[in-house]
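The structure appears right after this line, and notes come after that.
FYI, it's all coordinate maths here, none of it is from the lab. Bear in mind the structure is a predicted one, so any value in this text is a computation, not a measurement. Using ideal geometry, Cβ is built from the backbone for each residue, glycine included, and neighbour counts are taken over all protein chains shown.
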Amino acid sequence: MVARAIPKTAPRRSRLLYIEDHAESMALVEQLIAGRKNLVLLRAADAVRGLKLARSKQPEVILIDIDLPGIGALEFLKRLRAEPRTQAIPVLALGADAAPEAMVQGLEAGFFHYLARPIQAGPFMEALAYALEFAALERAEQL
C-alpha cells in the first residue's frame, strides 16, 4: 500500500465587516488588525452595502458606526436579526457618546458590545477577540 500525504488545509480566516463612512476610522481599524493574518477586513461605506456583504460573505463579526447616514445602525441590526443566516452574528457598535448610559442603550438595543470613539486599541482588540470567540462557539454549535 502506498501512503499518500494528507493535504494540509489552511486555517480558516475569520471575516470582520466594518461599516463606516469615514476613511480615517477605516484606516485606523486596518492598522489595528494588520498583524492578524487570520482576519480579513470587509468594508462597506453604508448600512445597505453592509447588509449585502453580511448576507453574501457571512462575516464572523460586524463593527458598525452608530451614526451612519441613511439606514442607521439600529435599523441595520433589526434587519440583520430578522434573517436566520445573519441573526447570530455579533455586532460591535462604535459611537461618539462615551457615557455609560449610551453603552447601556447600545447593549439593550442588541449590540454585542459598545465601543466609544476614539477607538482605543486595547478595548477594541478585547471586544473583537471576545466576539470572534463567541462566533466560533456559535459556528461549532451549528455543526
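Listed here are the residues, each with its yes/no results for (1) buried (at least 16 other Cβ atoms within 10 Å of the Cβ); (2) farther than 16 Å from Ala127 by Cα; (3) under 13 Å from the mean Cα position of the chain (by Cα).
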position	(1), (2), (3)
Ala73	yes, yes, yes
Arg79	yes, yes, no
Pro84	no, yes, no
Leu92	yes, no, yes
Ala98	no, no, no
Of Ala140, Ala131, Ala127, Ala102, which residue is assigned to a helix (DSSP H, G or I), within 18 Å of Ser14 (Cβ to Cβ) and over 11 Å from the mean Cα position of the chain (by Cα)?
Ala140
Considering every residue within the stretch 51-73, establish whether at least one is at positive phi and assigned to a loop (DSSP other than H, G, I, E, B).
yes
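Condition check ((1) touching a residue at least 12 places away in the same chain (Cβ under 8 Å); (2) touching a helix residue (DSSP H, G or I) at 6+ places or on another chain (Cβ under 9 Å); (3) not polar (S, T, N, Q)) across all residues:
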{"residue": "Ala27", "(1), (2), (3)": "no, no, yes"}
{"residue": "Lys57", "(1), (2), (3)": "yes, no, yes"}
{"residue": "Arg81", "(1), (2), (3)": "yes, no, yes"}
{"residue": "Leu128", "(1), (2), (3)": "yes, yes, yes"}
{"residue": "Ala131", "(1), (2), (3)": "yes, no, yes"}
Scan the stretch 105-120 residue by residue and report those that are surrounded by 13 or more Cβ atoms within 10 Å (Cβ to Cβ) and in a loop (DSSP other than H, G, I, E, B).
Gly110, Phe111, Phe112, Arg117, Ile119
